Amino acid sequence: MSRPVSQVREILAAARLEHVRYAIRDIAVIAERLEAEGKTILPLNIGDPLKFDFRTPPHLFEAVVKAMADGKNGYAPSLGISEAREAVRAEAESKGFRNIRDVFITQGVSEAVDVSLSALVNPGENVLTPCPEYPLYSAVLARLGAQRNSYALDEGREWEPDLDHLASRIFTGTRALVVINPNNPTGAVYSRRALEAIAEIARQHNLVILADEIYDKLMLDGGEHFSIAKLAPDVPVVTFNGLSKAYLVPGWRVGWGIVTGEAGAVKPYIEGIHKLLRSRISANHAAQYAVRPALERPQDHLAGIIRRMRARRDLTWEWANSTPRVSCVKPRGAFYAFPKLDITESDEEFVKQLLIEKQVLAVHGSGFGEAEGTRHLRIVFLPDERTLERALQGIAELLREHDPGN
């Protein structure tokens, strides 16, 4: 027998979720409502190349289809299939990684981040995360009852980490340091000097470095990408990477972590990671068979990807620096730009107005964190040039229409 409506009691969500935010997806809720009303949305919000004119390399399909036909449809080993782990290790060694203590396969880099933080951080402890940052880190820390401890990225120095500010943010209970390179949301690529300085800070304070390098193959202007694990083989580092971005399969959810450092230091931490991986059974079994062909077969597709991304980066950057009340540091990696806006309203209000009035979907800079008093938005420059130009025109029109000088 059901209760009268007046007696129904709400089932409240856990209090720790109060601080869980994910701006990239949250703003899309409004877009879904507008699409239901028949509006066409120009998407600049999510880093999924397959929503645009990029396609998965055929040999990855072939590997996964063969695996499924061969019966690889049950549970996989909790740490990942051996051939995938061996391929990841071999590539890391070819890039100069030493002291590799563990390789584990996960449901995308997101799960690798979640597991690595969950195995390390206790409630009340804190983790150094960049500002601006990819919001997954804050969301996981909020769920764990741990604290996000922000260190500044310096917009005036092409978004390099502010090393003095970073060093000043180490307190009792600081356990780890997040480095996202190439960076999401800014597109920055860090210098060797900055990375060596970060490694030294971690070394002095016994911090684990969580190195998010999912965009390491998407260097838009050439040059070498420096992995911090290569530069500091003695420091405990978990390097995250995967197939999603460079190999164009974000929906397959195949990522990994590589643990490096002194064996005695990282052994108990690795045991904690393994305990969590066993408790969730396994990552996607058949999709793991794409790892070896992805890493070991020719990388010819990357040249075409980078060529298109570079052209779209240039279009976005030139637009930003020729449009009144907009400026932008030139992105050097990944497919994101993080322009600064000279506006009076909050950037969150601006992107909502942009979506409602111009049907352009971008993400507010405050959803990633930003210096006090500044306003930004993150632009994903994956759409084809014609679509991208229309979307950028919509941003410029809204800026003109909301200009207090008009």
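Nothing in this text is a laboratory measurement; each read-out follows from the coordinates by a stated rule. What you see is a predicted model; the values in this text were computed from it and never measured. So basically every Cβ, Gly included, is an ideal-geometry build from the backbone, and we count neighbours across all protein chains shown.
Here are some notes:
- Cα centroid separation - segment 109-185 against segment 348-382, whole Å: 22
- Positive dipole terminus of segment 58-296, leading residue within L79, V238, A176 (C-beta point charges): L79
- Percent antiparallel among DSSP beta bridges (both partners in the chain, rounded to 5): 55
- The GluC sites (Glu not before Pro) of segment 321-406 that DSSP puts in a loop, and whose beta carbon has at most 11 other beta carbons within 10 Å, are E372.
- Taking a ≥ b ≥ c as the square roots of the eigenvalues of the Cα gyration tensor, an a/c ratio of 1.5 or more together with a/b no larger than b/c marks segment 360-406 as oblate.
- Summed residue charge, Cβ within 12 Å of L163's Cβ, Lys/Arg positive, Asp/Glu negative: -3
- Amide hydrogen neighbours beyond the local backbone of D162, cut-off 5 Å, H modeled: A152, L153, D154
- Size of charge dipole - segment 63-124 - debye, nearest 20, with Cβ of Lys, Arg +1 and Asp, Glu -1, no other charges: 120
- The convex hull drawn around the Cα atoms of segment 58-296, when projected onto a plane and averaged over every direction, covers 12.3 nm².
- Student exercise, the chain dipole from Lys, Arg, Asp, Glu Cβ charges, in Debye to nearest 20: 1020
- Backbone N under 16 Å from the R386 label point (7 Å along Cα→Cβ), restricted to segment 297-337: none
- Across segment 334-342, rounded Karplus estimates of 3J(HN,Hα) from the backbone phi angles (6.51 cos²θ - 1.76 cosθ + 1.60, θ = phi - 60°) give 6, 9, 10, 10, 10, x, 8, 10, 9 Hz, Gly and Pro being marked x.
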